[in-house]
1. Give me the residue from region 245-260 that is in contact with a Phe, Trp or Tyr (Cβ under 8 Å, 6 or more places away or on another chain) and open to solvent by less than 10 Å² (accessible area, probe 1.4 Å) and, out of that set, farthest from ASP302 (Cα to Cα).
2. Any residue at all in region 326-334 that's at pLDDT 95 or above, loosely packed, with under 15 Cβ neighbours inside 10 Å and farther than 23 Å from VAL240 by Cβ?
3. Counting just the residues of region 116-159 that are closer than 21 Å to CYS216 by Cα and among the aliphatic types (A, V, I, L, M), which one comes out surrounded by the fewest Cβ atoms within 10 Å (Cβ to Cβ)?
4. In region 68-108, how many are assigned to a loop (DSSP other than H, G, I, E, B) and open to solvent by 40 Å² or more (accessible area, probe 1.4 Å)?
5. Of the residues in region 275-323, how many are free of Cβ contacts under 8 Å to residues at least 40 places away in the same chain and open to solvent by less than 20 Å² (accessible area, probe 1.4 Å)?
6. Go over the candidates ASP229, ASP291 one by one and state the one that is away from ligand 2 (no atom under 16 Å from the Cβ) and of a type in the set (D, E, K, R).
7. Looking for whichever is of a type in the set (Asp, Glu) and part of a strand (DSSP E or B) here; the options are GLU30, GLU125. Which one fits?
Amino acid sequence: MNKVDKLTVLYHGRRVGQMALAQNRIAAFEYDKDWLSDGFSISPFSLPLEKKVFMPKFDPFEGLFGVFADSLPDGWGRLLVDRLLRKKNMDPAAVGVLTRLAIVGKSGMGALTYEPVLGFADVQEELSYDVIARECQKLLQEEQTDELDFLFAKGGSSGGARPKILTSIEETPWIIKFPSTYDRKNIGEQEYRYALCAKKCGIDMSDVKLFPSGICSGYFGTKRFDYKDGVKGGQRIHMVSVSGLLETSHRIPNLDYDVLMKLTLKLTRDMEECKKLFRLMCFNVFAHNRDDHSKNFSFIYDEAEKRWMLSPAYDLTYSESIGGEHATTIHGEGKSPGMSDILEVAKMIGLNAKWASAEGEKIRYIVNLDLKEYLMK
Ligand SMILES: Nc1ncnc2c1ncn2[C@@H]1O[C@H](COP(=O)(O)OP(=O)(O)OP(=O)(O)O)[C@@H](O)[C@H]1O
Ligand SMILES: [Mg+2]
């Protein structure tokens, strides 16, 4: 396989810019001339729309800017890519990030695509969800599966740690998640119930579904919000995670909701977006979703309106994080945050205190009612 040291970045087929390996270890980036005149900044803090060569630091994304690191697969997808490389007698450690982006090609999350594309494995077969779940377990536990090509084709570009596939249901792109080895068997049902409850709390979420199974209580699926109207072949929507925007690893718990609020206001210039984040924070606190790391928040760019918005919420489950504390602290409190910490965050960003208190109490009430069985443990 050829080593890639230069890549073109595209958005809806238009050239955004070029990346090239510099100093043999970092990927310098430059916007295209045409993009500079009528495009938008793909990551406003580190890549403002300016004519210059941008040089990333090596850490934390192995010499990539965060917005491009977002296009790379995470835990599960990376495992699949590395297994496939080994199957082809290649050393994963020797495959650099630009080559990995070329493997992603057009199949990543969000709207950015990369050329050249390194086609890797294409499959036509379909497998049932129960078979997929079984093969994922085999790969995780026994380190082998006969369906590696299938799993890679379906999930090799996905983000997140858990096994998942990117698939189409009646021409609409969905993500379907499968249990990891450390998950309870009924994690799919739990994520589904969490999503329904979040919606009831007024949190913006994409459509969700519990797909039937013969071996567990179902698989959680969510319609992709990075496609306009959820239609495949329709326009893809640019998105970037907080991790990507702030050039910080999601494995390091260095965020606070105070920072997230300021970031949201700075990027969207809209207090309504801060209200959306406020609801999500309340939900995460009361529903014990402590894995609220910087890749579990994203922003999407509306090109027609030329504005950034908080993306719909995702990945809401009962979870612990490092040391059992929130990955994102609530006005400094990670271990046992409560309403007073929540209200401090609201005050800091300038949300109306009465509104915040009523909204917080409403969310606490709904969560305690609907998710009782998970929270009693
Ligand atoms: N409905 C959706 N539409 C578009 N993108 C989504 C959607 N849901 C999740 N994503 C993207 O997919 C990634 C992985 O999803 P998710 O966070 O649910 O997986 P996970 O494996 O449980 O993650 P984690 O590693 O945080 O436990 C997210 O970081 C986000 O970028
Ligand atoms: Mg996640």
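1. LEU260
2. yes
3. The selected residue is VAL131.
4. 6
5. Selection size over region 275-323: 3.
6. Of the residues listed, the single one that is away from ligand 2 (no atom under 16 Å from the Cβ) and of a type in the set (D, E, K, R) is ASP229.
7. GLU30
Condition check ((1) away from ligand 1 (no atom under 16 Å from the Cβ); (2) part of a strand (DSSP E or B); (3) over 23 Å from ASP229 (Cα atoms); (4) of a type in the set (A, V, I, L, M)) across all residues:
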| position | (1), (2), (3), (4) |
| --- | --- |
| ASP130 | yes, no, yes, no |
| GLU135 | yes, no, yes, no |
| LEU140 | no, no, yes, yes |
| GLN144 | yes, no, yes, no |
| ASP149 | yes, no, yes, no |
| ALA153 | yes, no, yes, yes |
| GLY159 | no, no, no, no |
| ILE165 | no, yes, no, yes |
| SER168 | no, yes, no, no |
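The values are calculated or read from the model by the stated rules, or taken from the named source; none is laboratory data. Because the structure is a prediction, the values reported are computed rather than measured. Ideal geometry is used to build each Cβ from the backbone, glycine not excepted, and the neighbour counts take in all protein chains shown. Side chains are part of the model used for accessible areas, which takes the heavy atoms of the whole protein and leaves out ligands, DNA and RNA. Shrake-Rupley method; radii C 1.70, N 1.55, O 1.52, S 1.80 Å.
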